[in-house]
Structure formats: C-alpha cells, structure tokens
Amino acid sequence: MTENLKPENNDQVLESVQWAVTQKIPLDVRGQGTKLGMGRPVEADHILDLSGLSEITDYQPSELFVTANAGTPMKDIYAALDQQNQQLMFEPPDYGPLLGGAVDQGTLGGLVACNIAGPRRIKAGSARDNCIGFHAVSGRGEMFKSGGKVVKNVTGFDLSKLMTGSYGTLAVMTEATLKVLPSPENTRTVLVRWAKDGDADQLNNQAMTEALVSTNEVSSAAHLPAKIAARSAVAYLNSAGGAVTALRIEGPAPSTAYRCAALKELLSKFGEVEELHTKNSKMLWKEIADVSYLAANQERAVWRISVPPTEGAHVVQRILESAEADVMYDWAGGLVWLQIDEVDQASKDLIRGSVVQAGGHATLVRASKQLRQSDIVFQPLDPYMTGITKRVKNGFDPESILNPGRMYKGI
C-alpha cells in the first residue's frame with residue numbers, strides 16, 4: 001500500500017528523508033506529478049509529496065531573480081513575473097497535455113529536476129543555465145545549499161548544474177532561485193512556406209542557417225512539416241498547405257520591424273514569406289514549446305531527439321526510410337520530436353543508431369509504463385559514464401532512497 005508523506009516546511013522534509021534513510025525505505029519524490037511519465041517508473045511504496053511547499057519566498061525585479069519553494073506552481077511564478085513585465089528567458093514548456101495530464105499544473109521543482117526548456121533554448125539556455133541557487137536535502141539526510149541570489153556566483157562548486165536534470169535522484173530540492181529578465185516589447189515571427197516538406201539539406205543548411213548567422217538576432221527557429229503545421233491554431237500555418245519554417249525576432253518595436261523586413265528579404269528566395277505579429281507569434285511559440293501538436297493519440301510513443309542542428313533533418317530522413325512517424329523540429333533543427341506507433345526492438349535500434357551516428361542522444365518521453373520499466377528511456381551509458389553516474393549517486397544518496405531507478409535501472 002502506498003503511503004504519502006506531505007511535509008509543509010523544510011524541517012519536515014529533512015525529518016522525512018532522515019526517517020527514510022534510517023528505515024532504508026525508498027521515496028518517490030514528486031510535486032504535482034505532472035512529469036511522472038518522463039523517465040522510468042520509481043519503485044517505491046512511499047511518496048514524498050512536495051506540493052505543500054508552495055510559496056514565492058523572494059522576488060527582486062531590480063536584481064533579476066525569483067526564489068520559490070519546490071512545490072510552487074509555475075503559473076503562480078508567471079503571474080508574479082507578468083506584473084513586473086518580466087519572464088524566464090528559457091521559456092519553460094508545459095508538458096502536461098503531452099503526457100496525458102492537464103495544463104498549468106507543473107511546479108518549480110519538476111521544472112528544475114527535468115531540466116526542460118522551450119524554443120528560446122538556442123539563445124537563453126535551459127533550466128540548468130538559469131538556476132543560480134538552491135536548497136536541498138541529500139539522500140544522506142543532510143540539508144545543504146549551493147549558489148545564491150546573484151547572477152554571477154563564484155562560491156565553490158556549481159552544484160546547480162548537477163542537480164538540474166537529475167530527476168530527483170540525488171537530493172530533494174526544497175527551494176530554487178532562477179534568473180529573470182524583462183519581457184520583450186515586441187515579438188514577430190517570419191514564416192517561410194514551402195510548397196512541400198523539402199529535403200533535409202535545404203531545410204537545415206540553407207534557410208535556417210542563413211537566418212541564424214545573419215545580423216537579425218533570431219531568438220528561436222523551428223520547422224513544422226505539412227502534417228504538423230495543419231494542426232496549429234494559427235491560421236497562417238493551418239492554411240499553409242505545406243511545411244512551414246518559423247523564425248522569431250524579439251525586442252523594441254522599431255528594431256523588430258527592421259529586422260523582420262531584412263529577414264523576409266533574405267529568405268524570400270526559398271519560398272513565400274509571411275509575418276506574424278505579437279498575438280499570433282506568442283500563440284505559435286507556445287504551441288511549439290508545449291509540443292501540443294503531438295498531445296493527441298496518447299497511445300502513440302513520443303521520442304525527444306537532441307542532435308547538432310545541421311543533423312536533425314538527416315536523422316529524420318534515416319528513420320523515416322524504415323518507420324512511419326510524425327515529426328517536428330525545434331532549436332533550429334537540433335531538437336526533434338518524433339511520434340511513432342510502436343516501440344519495439346527494431347524501432348529502438350533504428351532511432352538509437354541514427355542518433356548516435358549523428359553525435360546526439362534520444363529520450364523516450366511518452367510510452368506505456370511497461371515500456372518505461374525497461375532500459376530504453378534514456379540514452380544508454382557506456383561503462384565509463386555508468387561508473388561516474390553510480391559514484392555521484394552514491395555520494396549524494398548512498399542508500400538509494402531518492403527516486404531509485406528513475407533514470408537508469410539500479411541507479
């Protein structure tokens with residue numbers, strides 16, 4: 001029978017973990033549980049529910065940081081930032097619907113634990129690059145902290161980089177501090193409409209590359225094949241009748257207008273160009289960030305593939321030669337979302353092999369619990385990295401009580 005532990009403050013978190021260490025009882029660490037579908041299922045009969053730790057503890061707009069407890073809903077943080085016309089630059093996505101849940105239920109702890117980021121990743125980095133400090137309880141039952149509340153931290157080891165993306169396997173994060181910046185005054189998006197999906201070389205090596213290396217300061221770049229573009233709520237995309245490449249420009253209104261005009265002239269040789277203004281731009285990039293186009297058909301598996309941007313379309317070409325899938329590209333082609341009917345040994349080998357050949361990695365983001373219990377969720381580690389991962393886990397959590405097996409079996 002599963003038992004819930006729901007601490008309401010840091011001391012109670014510490015007591016809960018110390019009890020679990022003493023009794024050698026594994027804990028399933030979670031907030032609202034919106035990202036339980038990411039990673040392997042945790043084998044634990046006790047849930048450490050952090051949703052009771054919900055408060056913005058310090059927000060200094062002039063100092064460009066916000067600090068909140070791990071269970072604080074992200075929608076509360078966004079509301080506070082909106083009042084000051086500020087934002088999290090790495091544009092955190094909401095994977096709730098993609099994983100079969102509701103919208104706007106994610107928490108700060110889950111965001112940091114999974115190290116996710118939206119389309120502005122190519123310019124602003126991920127959660128790992130924007131987390132500047134935290135408080136946590138290790139699997140040893142010890143409270144510790146790292147970093148601080150200034151953008152430039154030089155105090156010892158930067159443990160924020162290690163904790164971010166650890167899926168709660170190293171420590172129970174109770175509080176985190178993130179960098180914030182002013183929201184752009186104006187947002188515009190240049191669309192290139194393709195008569196057909198186009199070949200990989202044309203997509204990555206020409207249109208996107210020319211846009212990104214130009215002086216127009218593109219903040220996001222994505223490509224939606226015809227089938228995906230037709231699912232957008234933005235009329236310019238769902239009526240395109242073909243593939244669409246989207247390039248976002250942000251900043252002061254005169255600057256964005258000038259840069260958009262220059263970018264349209266630069267890209268007009270590739271196909272018909274359109275321009276989206278702020279409202280439609282925000283709608284489009286929210287769809288792309290949340291991968292909303294692949295939220296339907298929950299029975300279909302979803303892979304998240306990360307490769308060098310110039311390799312994204314090539315990897316997809318190799319996969320589509322042997323399998324049917326729906327595909328979309330973000331991060332200028334460096335992030336590929338792939339929805340496929342089945343995950344069997346053949347499709348797994350096909351995807352992993354294509355990705356490794358390109359120098360990247362693939363994560364099975366959405367699949368049945370049975371599939372996620374296998375070792376195919378995260379990119380397999382070589383013996384050297386396996387040894388390092390085990391030593392790091394042992395250093396923070398020697399009894400393996402925190403989310404055991406969430407990332408790799410036996411770790």
Problem set entry | Lone qualifier among LEU284, LEU294 - being modelled with pLDDT of 95 or more and within 16 Å of ARG193 (Cα to Cα) | LEU284
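Quick one: count up the residues across segment 307-354 that are small (Gly, Ala, Ser) and farther than 18 Å from ALA367 by Cα.
To start, the set of residues in segment 307-354 that are small (Gly, Ala, Ser) comprises 312-313, 322-323, 325, 332-334, 346-347, 353-354.
Those left that are additionally farther than 18 Å from ALA367 by Cα: 312-313, 322, 332-334, 353-354.
Number satisfying all stated conditions: 8.
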For this session: Report the residue count in segment 223-253 for those that are surrounded by 16 or more Cβ atoms within 10 Å (Cβ to Cβ) and part of a loop (DSSP other than H, G, I, E, B).
Result: 8
Exercise. Would it be correct to say that LYS286 is closer than 30 Å to LYS369 by Cβ and open to solvent by 50 Å² or more (accessible area, probe 1.4 Å)?
Worked result: yes
Exercise. Listed residues GLU210, GLU265; which is more than 26 Å from ILE116 (Cα to Cα), among the charged types (D, E, K, R) and without any contact (Cβ under 8 Å) to a residue 12 or more places away in the chain?
Worked result: GLU265
Exercise. Within the set of pairs 6+ apart or on separate chains, which have a first residue in segment 96-110 that is within 13 Å of MET74 (Cβ to Cβ) and in contact (Cβ under 8 Å) with a residue 12 or more places away in the chain, a second that is surrounded by fewer than 19 Cβ atoms within 10 Å (Cβ to Cβ) and among the hydrophobic types (A, V, I, L, M, F, W, C), and C-beta atoms under 6 Å apart?
Worked result: GLY96/ALA102; GLY96/VAL103
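Listed here are the residues, each with its yes/no results for (1) closer than 21 Å to GLN60 by Cα; (2) under 20 Å from the mean Cα position of the chain (by Cα); (3) assigned to a loop (DSSP other than H, G, I, E, B).
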| site | (1), (2), (3) |
| --- | --- |
| PHE90 | yes, yes, yes |
| ASP104 | no, yes, yes |
| PRO119 | no, yes, yes |
| LYS123 | no, yes, no |
| LYS145 | yes, no, no |
| LEU178 | yes, yes, no |
| ARG188 | no, no, no |
| VAL192 | no, no, no |
Problem set entry | Conditions (1) open to solvent by 30 Å² or more (accessible area, probe 1.4 Å); (2) among the small types (Gly, Ala, Ser); (3) out of contact with any strand residue (DSSP E or B) (no Cβ under 7 Å at 6 or more places or on another chain): number failed by SER54 | (3)
Exercise. If only one of TYR95, TYR59 is of a type in the set (Ser, Thr, Tyr) and open to solvent by less than 20 Å² (accessible area, probe 1.4 Å), which one is it?
Worked result: TYR95
For this session: Would you check which residues across segment 355-388 are more than 27 Å from ASN297 (Cα to Cα), open to solvent by 40 Å² or more (accessible area, probe 1.4 Å) and part of a helix (DSSP H, G or I) and list them?
Result: VAL356, GLN357, PRO383, TYR384, MET385, ILE388
Exercise. Do you know which residues across segment 254-280 are assigned to a helix (DSSP H, G or I), farther than 17 Å from ALA211 by Cα and touching a strand residue (DSSP E or B) at 6+ places or on another chain (Cβ under 8 Å)?
Worked result: THR278, ASN280
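The values are calculated or read from the model by the stated rules, or taken from the named source; none is laboratory data. Please read all numbers here as calculations on a predicted model, not as lab measurements. Cβ sites come from the backbone with ideal geometry, for glycine too, and all protein chains shown count toward neighbours. Heavy atoms of the whole protein, side chains included, go into the accessibility calculation; ligands, DNA and RNA do not. Shrake-Rupley method; radii C 1.70, N 1.55, O 1.52, S 1.80 Å.
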